[in-house]
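The values are calculated or read from the model by the stated rules, or taken from the named source; none is laboratory data. Quick caveat, the model's predicted, so the values are computed rather than measured. Backbone-built Cβ (ideal geometry, glycine too); neighbour counts: all protein chains shown.
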Amino acid sequence: MRLTLRASLIAIVSIMAAAFLVVIVASDLVTSRVRERLVEIEQRQIPRLELGPRIAADFAELTRTFQDAVAAQDADALEQTRRVRDRIVARLEEGKAVFDPAASEELRVALDAYHELALDVSRRMIAGEGGEEMIERITRMQEAQARAQAQIDRVVAFDARYLRGAFDDARAALLAGGRTRLVITGTCLALVLGLAIVFTRGFVRSIAALHEGFARFGKGELDALIPVRGNDEIADVAAGANQMAKNLAELEAERERAAAETRELLERTREQAARLQAQEEELRATNEELQAQQEELRLTNEELSEHARQLSEQRAELEAKNEELRELSRRLEQKAAELATVSAFKSQFLANMSHELRTPLNSMLLLSQLLADNPEGNLTPKQVEYARTVNGAGKDLLFLINQVLDLAKIEAGRQEIHVEPVRVEDIVERIRRVFAPLAAEKGLSFDVGIADDVPRSITTDGQRVGQILTNLVGNAVKFTSRGAVKLAVRRPDPSVELRTLRRETTIAFVVTDTGSGIASEHRERIFEPFEQGGEAGNRRHGGTGLGLAISRELATLLGGELRLESTAAEGSTFVCYLPERCERTEKTEEPRRAATPAPKRAATPAPVARDGGAAPDDATHLLVIEDDPLFLEVLGRIIGERGLSWLAARDGATGLRLARERRPRGIILDVELPDIDGWRVMEALRADPATASIPVHFVSATDAPDRGLALGAVGYLTKPAAKKDLVRVVESLGRQRAHRVLVVESDASRGQTLAEQLATLEVETTVVKSAREALDVLEKKSFACMIVDLSVPDIEELELLEILQRRAAASQDTPAVVLYTDRPPSRSEAMRFESYASVVLDEGASTDRLLDEVRLFLRRLEAGMPRRPTPNQSVGVRLEGKKLLVVDDDMRTVYALSAALRAKGAEVLVAENGAVALEMLDANPDVDAVVMDVMMPEMDGYEATRRIRAQPRFERLPIVSLTAKAMKGDAERSIEAGASAYLPKPIDADALLSLLHSFFTGEEKA
Amino acid sequence: MSDSDESVEAIEVRLLLEAIHARWGYDFRDYAASSMHRRVLAALAASGLPHLGELQHRVLHDRAAFSDLLDRITVRVSEMFRDPAFYRALRDRVVPLLRTYPILRLWNAGCATGQEAYTTAILLIEEGLYERSQIYATDLSQRALEQAKEGVYPASDLPAFRTNHAGSGGTSDLASHVTVAYDHIAMREHVRKNIHFFHHDLVSDHVFGEMHVVFCRNVLIYFGRKLRGRVLEKLAQSLCPGGFLCLGDSERLGDSDVERRFKPFVAERAIYRYEP
Ligand SMILES: C[S@@+](CC[C@H](N)C(=O)[O-])C[C@H]1O[C@@H](n2cnc3c(N)ncnc32)[C@H](O)[C@@H]1O
């Protein structure tokens, strides 16, 4: 059996309690003995002490009563004595317990005896008896009295000895009790102490052992076990502690092991990491190197293949060159021979001209002039005319000679022309005057005629035209021996294909003869210098052989062309096509071309111009896609009148190709086209980044302006159209738009600086001082870009921006806006601005960024990049009266979406994150739908959607979730969060619009 | 490598990547082949599985196994103020232009464990631009993102952090941006507040916003040429005209069509400007 600590403690305590009880009981016993003694004293002695005197007193009273009664002679008073006696008896009775019974009995007897006697004596005395007998009686009575008195004394006598004895007894008892108690207490104490000592010793020792053990454990001596003594709790604790220590020791060992392992692992990891790092570095290096090598390889490859290609090309080229060389040398030889002739001719001719011809010509001129003046008035008008003719011909001749002398100049391209308005009639009249007589002389008829649709006056160099015609008519007259020579001025035949000219503005000077004609093999060379229609055979006609060459060059110089349209044996027709208005710009270009004798050019057939009117290469202003030639002609005239160049395409495919290739400023588009219809052309134009930003105006007999505008056209005109409307369309499309910048700046000097800086970007800058002015200017002109100082005072900027955005939604013809400010706007302000424009903070230092912004923007425009996506297909979607909330932190999306939505008539609220969206919804519970981006800072779209859905009032609110995430499960997440639908980014405005549309129509039906 | 001498292992790797794509949507097929090959083999070794076939089976059936693999095949080394010279250039050359934007959006594509984003944040704080900035930090790896969001790094990183920071021209006291506790450093709230971490796969996901700066450092090196071009296209789409693209120190753009739309801005530090 185990003696547990508890049991021991209980034992000690109970023993102690028992000892205590014993002590208490013992002392109680002792005390009770003493008390007994004392009680006895109290009960026996004290009444005796009290009753004694009373009995004595009563007896005295008795005696006195007798004496009084005797003295008073009152027999009745004797009765009193009885009472007194009874009292004494009662007292005796009372003190029965304390008095010695025998003594008290004796006392009573004595008392009674005394009383009897005293009573008797008293009565007798009262009765007056006397005598001996009396005396005897009295003596007896006195004896009885004395006896009673003695008896009383005996009874009441205080036994001091007894008392002392009693007290001694008590004291002794007390003493004895005390001693006993002491002994018992002592024994108990000893017992308890002994027991306690026995217990505690073991206990303390165990604890000490424990303590020591723990201390040792604490110090880590886990193997020094605590001795387990006994079978108590401490022993348990000790055993437990020992177990713990053992475990700890094991753990420690484990830990040690683990640590070691970890260390090792760490070490290894570190090594590995280092190795990895090294490897990584190496790898990266190798990668980069590889990359570089690849690059190099690629490059080398490319170079190699390029080389190979070049080589083969070169070989081919070499071959070709050889061929050409051979050809060339052949030609050279020929040329050399020719040249020899030419130079011979030239020098001879020049010599002739200068020395022999000039002199007689000079006098001839003078004389004929004199004659024509007819100073004496003796010549007939006919004669005067002849004289004039002679003079005129002379002048022409001189002119011709001078021209020839200037041949070098012509060929060097230094020929000058003087463009001015001249009357067609004047030109023709001069020719008629010169050649009518000559023709008449040869018996030829010579007709001149000017068609009705030829303008009275054209802008060109009249002298050169005269020179050309002189030459042509001269030749015609010269080489025609029979028949007629005709000079007609009219519009070009529709069948003729012109190379660079437009039919409507071209005049043809047609010289027809009925001469020998020119053999086809000569036609090529006829325009070459020193060639004549029929080789040596024609030489007899004389002439310089320069005429046609010069004429052709002159025609080119005047922006026209000279052609031979004839066949041999049927006479020849030379036609000189000239533009009504000779373009000055061509003057500087043409001479160089003229300088290169281009024999082949005559033969090269004019390029088949599918385009109705060709324009100079790179400056195509307008493209007309239209299959009706008549309408094309009308439009062409209008466009031409405005100095714009244009191209025509008769079908959609050609139109698309030309639009891509030429990037015109604007396109006029018909709907009914032979191949693909105008709608589809429009879509294709919008879909191609190269053409997406070109404004398109429909002009069509199909009456569907809505459809056209919805497709993104800038306008729609229905045929038949008034001329003034066409003019408006042409003018608006033809406006130069890429390079106009509008600066809205109230500070004049700042505006000036900006304008100067913008000038470096080669843009045309307009500076206005207020937003209102800006709107006015925008009405009249179109701008590519607009720079607005945010401190412009007169109109709330946002209002301006909103107006612009609304306009932008309706057409492309709205400038990009760059805002600049030196006051940093608040975050929300900035967000708002950004949904309309790009914003530049001007922190003193750099207008650079501002310029950058404009420059980059213009570049994008030039590259044909659309400024923003335009919804194309969502034609039928109407969102009027709908209030939509767009939640996205990406302002580009916000910009595009809000523009598209506003364009459809919706009211658009914008929130930059979920938290703001929730606030906005709170303030605008009437929102009809929410478009919510998923990835936003602060609160993302999932969370926001969830919170919106958690509100019962928005249970059925359509929420379209937008996300850039395209991975598996991403769509589901949106729907799970409570979105009604989901659209991937980049957002397709059309898809969104039709989605919203379907929500709303569904709603109405429901 | 021609088809004929493609090793069996290479075929297995290819199949594995194919499987991952079909099953989980992550597309590693166009990553740089040799690097991917090594990563997959390393993952195989770490998984203790006998061969790639087994690994493929696991990855197809067990999401956790896939996560582990994903963890293994992405390389996520990063460091605070990694390449101090780069940050110096950013500070000296790019920041002055950034000041002209009232709102700044910066995208840290492939942010790994977040150091780069926090670095950018600290730099912007130092330049007084952080209040108007929003940093979007994205990565493919969820685990990396978890760590990034915590913003807690071992204290042993601190010395390098300090020297790099000083090397970048940093002026502020780092102690004001990080809390050093126990053996870790933790980014403080004012550094973390304008960074938004989220999952985004450069390969499959779309562009999500118009940024002023895109950091895509040491990410493109893991991509094959074609993929690189595709991703660069996305980066271009998410930059505003005139925005900046920052690449890793050893990365340079070539002269493909996309690449040419980025003009070297600080060429030796691989900072480009998007000028479409
Ligand atoms: C080497 S870390 C670059 C860390 C940090 N940008 C730097 O330079 O310190 C490359 C990171 O790109 C991530 N990554 C790889 N492919 C990715 C993808 N398709 N989309 C997004 N992140 C990708 C990896 O998860 C990894 O965290």
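If a residue has to be in a loop (DSSP other than H, G, I, E, B), away from chain A (no Cβ under 14 Å) and over 14 Å from B:Arg188 (Cα atoms) to count, how many in segment B:112-131 make the cut?
Taking segment B:112-131 first, the residues in a loop (DSSP other than H, G, I, E, B) are B:112-114, B:127-129.
This time we only want the ones that are away from chain A (no Cβ under 14 Å), so: B:113-114.
Now drop any that are not over 14 Å from B:Arg188 (Cα atoms), which leaves B:113.
Going through segment B:112-131 one residue at a time, the tally reaches 1.
Quickly run through segment B:18-40 and pick out the residues that are modelled with pLDDT of 85 or more, away from chain A (no Cβ under 11 Å), out of contact with any Phe, Trp or Tyr (no Cβ under 6 Å at 6 or more places or on another chain) and surrounded by 15 or more Cβ atoms within 10 Å (Cβ to Cβ).
If the condition is that a residue be modelled with pLDDT of 85 or more, away from chain A (no Cβ under 11 Å), out of contact with any Phe, Trp or Tyr (no Cβ under 6 Å at 6 or more places or on another chain) and surrounded by 15 or more Cβ atoms within 10 Å (Cβ to Cβ), then B:Ala19, B:Phe28, B:Arg29, B:Asp30, B:Val40 are the ones that fit.
Being near the ligand (Cβ under 10 Å from one of its atoms), within 14 Å of chain A (Cβ to nearest Cβ), out of contact with any His (no Cβ under 6 Å at 6 or more places or on another chain) and at pLDDT 90 or above is the requirement here; does B:Phe86 meet it?
Here the answer is no, as B:Phe86 does not meet what is asked.
Across segment B:221-252, what is the total count of residues that are within 14 Å of the ligand (Cβ to nearest atom), surrounded by fewer than 22 Cβ atoms within 10 Å (Cβ to Cβ) and part of a strand (DSSP E or B)?
Residues that pass the stated criteria total 1.
State which residue pairs qualify: first residue within 18 Å of B:Val75 (Cα to Cα) and inside segment B:220-242, second residue part of a helix (DSSP H, G or I) and among the charged types (D, E, K, R) in any location, beta carbons under 6 Å apart, and separation of 6 or more residues or different chains.
Qualifying pairs under 6 Å: B:Leu220/B:Arg228.
Of B:Glu79, B:Glu54, which residue is of a type outside the set (Val, Ile, Thr), part of a loop (DSSP other than H, G, I, E, B), modelled with pLDDT under 95 and surrounded by fewer than 20 Cβ atoms within 10 Å (Cβ to Cβ)?
B:Glu79
If the requirement is being at positive phi and free of Cβ contacts under 8 Å to residues at least 24 places away in the same chain, which of these qualifies: A:Gly165, A:Gly128?
Of the residues listed, the single one that is at positive phi and free of Cβ contacts under 8 Å to residues at least 24 places away in the same chain is A:Gly128.
Suppose we filter segment B:89-110 for residues that are within 7 Å of the ligand (Cβ to nearest atom) and more than 14 Å from chain A (Cβ to nearest Cβ); how many remain?
Of the residues in segment B:89-110, 1 are within 7 Å of the ligand (Cβ to nearest atom) and more than 14 Å from chain A (Cβ to nearest Cβ).
Which condition number does A:Arg255 fail, the rest of (1) modelled with pLDDT under 75; (2) over 28 Å from A:Leu5 (Cα atoms) being met?
It fails just one condition, (1).
Okay, residues lined up against (1) assigned to a helix (DSSP H, G or I); (2) in contact with a Leu (Cβ under 7 Å, 6 or more places away or on another chain); (3) closer than 17 Å to A:Pro984 by Cβ; (4) away from chain B (no Cβ under 11 Å):
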site: A:Thr893; (1), (2), (3), (4): yes, no, yes, no
site: A:Arg902; (1), (2), (3), (4): yes, no, no, yes
site: A:Leu918; (1), (2), (3), (4): yes, no, no, yes
site: A:Met935; (1), (2), (3), (4): no, no, yes, no
site: A:Arg949; (1), (2), (3), (4): yes, no, no, yes
site: A:Lys965; (1), (2), (3), (4): no, no, yes, no
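Within segment A:967-985, can you find the residues that are within 14 Å of another protein chain (Cβ to nearest Cβ), free of Cβ contacts under 8 Å to residues at least 60 places away in the same chain and part of a loop (DSSP other than H, G, I, E, B)?
A:Met967, A:Lys968, A:Gly969
Here's a check for you: in segment B:125-147, which residue that is closer than 23 Å to B:Gly167 by Cβ and in contact (Cβ under 8 Å) with a residue 24 or more places away in the chain is nearest to the ligand (Cβ to nearest atom)?
B:Ala137
Can you tell me which residues in segment A:750-794 are closer than 15 Å to A:Ala816 by Cβ, in contact (Cβ under 8 Å) with a residue 60 or more places away in the chain and surrounded by 21 or more Cβ atoms within 10 Å (Cβ to Cβ)?
A:Leu758, A:Ala784, A:Cys785, A:Ile787
Name the residues in segment A:951-963 that are more than 14 Å from every other protein chain (Cβ to nearest Cβ) and either among the polar types (S, T, N, Q) or part of a loop (DSSP other than H, G, I, E, B) (or both), would you?
Within segment A:951-963, the subset more than 14 Å from every other protein chain (Cβ to nearest Cβ) is A:951-960.
Within segment A:951-963, A:Gln951, A:Glu955, A:Arg956, A:Leu957, A:Pro958 qualify.
Residue-wise test of (1) in contact with a strand residue (DSSP E or B) (Cβ under 9 Å, 6 or more places away or on another chain); (2) polar (S, T, N, Q); (3) within 23 Å of B:Asp139 (Cα to Cα); (4) in contact (Cβ under 8 Å) with a residue 12 or more places away in the chain.
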{"site": "B:Gly25", "(1), (2), (3), (4)": "no, no, yes, yes"}
{"site": "B:Glu54", "(1), (2), (3), (4)": "no, no, no, no"}
{"site": "B:Asp71", "(1), (2), (3), (4)": "no, no, yes, yes"}
{"site": "B:Thr74", "(1), (2), (3), (4)": "yes, yes, yes, yes"}
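Being within 14 Å of the ligand (Cβ to nearest atom) and of a type in the set (Val, Ile, Thr), is that true of even one residue in segment B:154-168?
no
Looking at B:Leu90, B:Leu17, B:Leu70, B:Leu60, can you tell me which residue is over 24 Å from B:His200 (Cα atoms) and part of a helix (DSSP H, G or I)? Walk me through it before giving the result.
Details: B:Leu17 fails: over 24 Å from B:His200 (Cα atoms); B:Leu70 fails: over 24 Å from B:His200 (Cα atoms); B:Leu60 fails: over 24 Å from B:His200 (Cα atoms).
The match here is B:Leu90.
Check off (1) more than 15 Å from the ligand (Cβ to nearest atom); (2) closer than 30 Å to B:Ser156 by Cβ; (3) aromatic (Phe, Trp, Tyr) for B:Phe81 and give me the number that stays unchecked.
The single condition B:Phe81 does not satisfy is (1).
Right, B:Arg217: crowded, with 22+ Cβ neighbours inside 10 Å, in contact with a helix residue (DSSP H, G or I) (Cβ under 6 Å, 6 or more places away or on another chain), over 22 Å from A:Glu912 (Cα atoms) and within 13 Å of another protein chain (Cβ to nearest Cβ) or not?
So B:Arg217 does not fit the description; no.
Look at B:Leu49 and say whether it is more than 26 Å from B:Glu146 (Cα to Cα) and outside the structural domain of B:Phe265 (by TED's automatic domain parsing).
yes
Do the conditions hold for A:Asp28, that is, is it assigned to a helix (DSSP H, G or I), of a type in the set (Asp, Glu), under 30 Å from A:Leu191 (Cα atoms) and modelled with pLDDT of 80 or more?
So A:Asp28 passes the test.
If I filter segment B:145-157 down to residues being in a helix (DSSP H, G or I) and modelled with pLDDT of 90 or more, which single residue comes out as surrounded by the fewest Cβ atoms within 10 Å (Cβ to Cβ)?
B:Glu146
Does segment A:497-512 hold any residues that are part of a helix (DSSP H, G or I) and β-branched (Val, Ile, Thr), and which are they?
A:Thr505
Looking at (1) surrounded by 20 or more Cβ atoms within 10 Å (Cβ to Cβ); (2) farther than 30 Å from A:Val839 by Cα, find the lone condition where B:Leu174 falls short.
Just one mismatch for B:Leu174, condition (1).
Determine if segment B:149-160 includes at least one residue that is under 18 Å from B:Cys111 (Cβ atoms), more than 14 Å from chain A (Cβ to nearest Cβ) and touching a Phe, Trp or Tyr at 6+ places or on another chain (Cβ under 9 Å).
Checking segment B:149-160: at least one residue is under 18 Å from B:Cys111 (Cβ atoms), more than 14 Å from chain A (Cβ to nearest Cβ) and touching a Phe, Trp or Tyr at 6+ places or on another chain (Cβ under 9 Å).
For segment B:175-220, please list each of the strands (runs of 3 or more DSSP E) lying entirely inside it that holds at least 3 residues being more than 16 Å from the ligand (Cβ to nearest atom).
It comes to B:178-181, B:184-187.
For residues that are of a type in the set (A, V, I, L, M), touching a helix residue (DSSP H, G or I) at 6+ places or on another chain (Cβ under 7 Å) and surrounded by fewer than 21 Cβ atoms within 10 Å (Cβ to Cβ), tally how many sit in segment A:949-966. Show your work before the answer.
First, pick out the residues of segment A:949-966 that are of a type in the set (A, V, I, L, M): A:950, A:957, A:959-960, A:962, A:964, A:966.
Remaining after also requiring touching a helix residue (DSSP H, G or I) at 6+ places or on another chain (Cβ under 7 Å): A:957, A:959-960.
Subset that is surrounded by fewer than 21 Cβ atoms within 10 Å (Cβ to Cβ): A:957.
Number of matching residues: 1.
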